[in-house]
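**Student:** Attaching a single structure in structure tokens format; questions to follow.
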Amino acid sequence: MNYWLLKTEPGCFSIDDLARAKKTFWDGVRNYQARNFMQEMRLGDEVFVYHSNADPPAVVGIAKIVREAYPDHTAFDPSDKHYDPASSVGNPRWYMVDVQFVRKFKMELPLPSLREQRGLSKMELLRKGSRLSVQPVGRSEWKIILKLAAKHDPGSDRCPND
DNA sequence: GCCAACGTTGGC
DNA sequence: GCCAACGTTGGC
């Protein structure tokens, strides 16, 4: 199982919107690197949901992949904001995945506080100038962030088998 | 609103 | 294939 991070602008689609919708298709990715990562996503992979262009920008919760990459139909629609005439049904250029809401953190983890974490210094999200909207998250990075989230939400990391 | 750090486009 | 111009992302 692999871990990922998806960026979204809360003014456009927030973790609360995802919580309400329960499930959504992650459309509109128009960057090759991001697309390639989406194509590597597998059923059951978990993703952090990140609010970009927010005050503060923050990791806000968790979702999981419930459908692997398939053509992003919004690229075919001339009236869509993310229309791309170079993408066609017969030869799709852009893909999307379906994600399902898992949980929202009791307290969001703001970007500045993540920067303070020693173990996250190599994280793609924290790289200067990083704009990748779909990115892999290392296993150790995932754990560190989960632990941070648990610190503000006792019980969320409780495991019945422990 | 500013601007750094990209990615893309298109002339040559 | 180079690279300048341009557009976008996203923190600040």
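The values are calculated or read from the model by the stated rules, or taken from the named source; none is laboratory data. Just so we're clear, the structure is a prediction, and the values are computed from it rather than from any experiment. Quick reminder, even Gly has a Cβ in these numbers, built from the backbone with ideal geometry, and neighbours come from all protein chains shown.
**Student:** Mind listing whichever residues of the range A:101-155 are part of a strand (DSSP E or B) and either within 16 Å of DNA strand B (Cβ to nearest atom) or of a type in the set (Lys, Arg) (or both)?
**Tutor:** A:ARG103, A:LYS104, A:LYS106, A:VAL134, A:GLN135, A:PRO136
**Student:** Tell me which residues, restricted to the range A:112-139, are within 16 Å of DNA strand C (Cβ to nearest atom) and over 22 Å from A:PHE37 (Cα atoms).
**Tutor:** Those that are within 16 Å of DNA strand C (Cβ to nearest atom) and over 22 Å from A:PHE37 (Cα atoms): A:PRO112, A:SER113, A:LEU114, A:ARG115, A:GLU116, A:GLN117.
**Student:** For residues in the range A:18-62 being of a type in the set (Asp, Glu) and not in a helix (DSSP H, G or I), which is nearest to DNA strand C (Cβ to nearest atom)?
**Tutor:** For the range A:18-62, the residue satisfying everything is A:ASP55.
Yes or no, residue by residue, for (1) basic (Lys, Arg); (2) touching a Cys at 6+ places or on another chain (Cβ under 7 Å); (3) more than 28 Å from A:ALA21 (Cβ to Cβ); (4) surrounded by fewer than 20 Cβ atoms within 10 Å (Cβ to Cβ):
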position	(1), (2), (3), (4)
A:ALA75	no, no, no, no
A:TYR83	no, no, no, yes
A:ASP98	no, no, no, yes
A:LYS106	yes, no, no, yes
A:LEU109	no, no, no, no
A:ARG115	yes, no, yes, yes
A:MET123	no, no, no, no
A:GLY138	no, no, yes, yes
A:ALA150	no, no, no, yes
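**Student:** Could you tell me which numbered condition A:ARG131 fails, if it satisfies all but one of (1) in contact with a strand residue (DSSP E or B) (Cβ under 7 Å, 6 or more places away or on another chain); (2) under 26 Å from A:ASP27 (Cβ atoms)?
**Tutor:** Going through the list (1) in contact with a strand residue (DSSP E or B) (Cβ under 7 Å, 6 or more places away or on another chain); (2) under 26 Å from A:ASP27 (Cβ atoms), A:ARG131 breaks only (1).
**Student:** For the range A:44-51, check the following and say yes or no: at least one residue is under 28 Å from A:LYS147 (Cβ atoms), touching a Lys or Arg at 6+ places or on another chain (Cβ under 9 Å), of a type outside the set (Val, Ile, Thr) and within 16 Å of DNA strand B (Cβ to nearest atom).
**Tutor:** Scanning the range A:44-51, I find at least one residue that is under 28 Å from A:LYS147 (Cβ atoms), touching a Lys or Arg at 6+ places or on another chain (Cβ under 9 Å), of a type outside the set (Val, Ile, Thr) and within 16 Å of DNA strand B (Cβ to nearest atom), so the answer is yes.
**Student:** Where residues in the range A:1-60 are more than 17 Å from A:LEU114 (Cβ to Cβ) and aromatic (Phe, Trp, Tyr), which of them is nearest to the chain's Cα centre (by Cα)?
**Tutor:** Only one residue tops the list, namely A:TRP26.
**Student:** Could we say that A:GLU40 is surrounded by fewer than 16 Cβ atoms within 10 Å (Cβ to Cβ) and within 18 Å of A:TRP142 (Cα to Cα) here?
**Tutor:** Against the criterion (surrounded by fewer than 16 Cβ atoms within 10 Å (Cβ to Cβ) and within 18 Å of A:TRP142 (Cα to Cα)), A:GLU40 qualifies.
**Student:** Continuing with this model, one more query. Name the single residue that is nearest to DNA strand B (Cβ to nearest atom) among those in the range A:63-99 being in a strand (DSSP E or B) and farther than 30 Å from A:LYS147 by Cα.
**Tutor:** My answer is A:TYR95.
**Student:** Here is a follow-up. Would you confirm whether or not the range A:140-162 contains a residue that is within 18 Å of A:PHE13 (Cα to Cα), at pLDDT 95 or above and either more than 16 Å from DNA strand C (Cβ to nearest atom) or not hydrophobic (A, V, I, L, M, F, W, C) (or both)?
**Tutor:** No, the range A:140-162 has no match at all.
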